[in-house]
Amino acid sequence: MSDSAALPYDVFAKKCPSRQVFEHVTGKWGALVLGCLDSEPQRFGEIRSQIEGISDRMLTQTLCTLCDDGLAVRTADSPAHPVYRLTEAGEDVAAAVRTLITAVEDAMANGAGA
């Protein structure tokens, strides 16, 4: 029995629900939003100002997806001022995304992709 067979979820299995969440996390916008939320809870506008090129529509869609996946939650002092923060699971995933971001930036600084 392999280690992956013992896991309740397997992103390599086509029908496993973890694959869909993996795709959300590793997509361009999902990874960037997770990386942005890694530091602290933020309002929509704060997130948008940090991620150049993301439209309001795409940011809204990405945040809704991350909330639906259980990686982020939306809370609000008032309906007009929601705040997004990572869940415990989201913090774990965001830490891995942040490690990947750092690795990519370091590789670029060392001549990769040039």
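Exactly one condition in (1) modelled with pLDDT under 95; (2) in a loop (DSSP other than H, G, I, E, B) is not met by ALA5; state its number.
(2)
Looking at ARG57, ARG19, which is the one that is without any contact (Cβ under 8 Å) to a residue 24 or more places away in the chain, farther than 21 Å from ARG74 by Cα and out of contact with any His (no Cβ under 8 Å at 6 or more places or on another chain)?
ARG19
ASP69 fails exactly one of the following numbered conditions: (1) of a type in the set (D, E, K, R); (2) free of Cβ contacts under 8 Å to residues at least 12 places away in the same chain; (3) touching a helix residue (DSSP H, G or I) at 6+ places or on another chain (Cβ under 6 Å). What is the number of that condition?
In the conditions (1) of a type in the set (D, E, K, R); (2) free of Cβ contacts under 8 Å to residues at least 12 places away in the same chain; (3) touching a helix residue (DSSP H, G or I) at 6+ places or on another chain (Cβ under 6 Å), ASP69 misses (2) alone.
Of these, VAL93, VAL104, VAL97, which one is under 12 Å from GLY35 (Cβ atoms), of a type in the set (Val, Ile, Thr) and exposed (fewer than 13 other Cβ atoms within 10 Å of the Cβ)?
VAL104
Kindly evaluate GLY70 against the criterion of being at positive phi, out of contact with any Lys or Arg (no Cβ under 7 Å at 6 or more places or on another chain) and surrounded by 11 or more Cβ atoms within 10 Å (Cβ to Cβ).
Spelling it out, GLY70 is indeed at positive phi, out of contact with any Lys or Arg (no Cβ under 7 Å at 6 or more places or on another chain) and surrounded by 11 or more Cβ atoms within 10 Å (Cβ to Cβ).
The values are calculated or read from the model by the stated rules, or taken from the named source; none is laboratory data. Remember, it's a predicted structure, so these values are computed and weren't measured experimentally. All Cβ positions, even for glycine, are placed from backbone atoms using ideal geometry, and neighbour counts span all protein chains on display.
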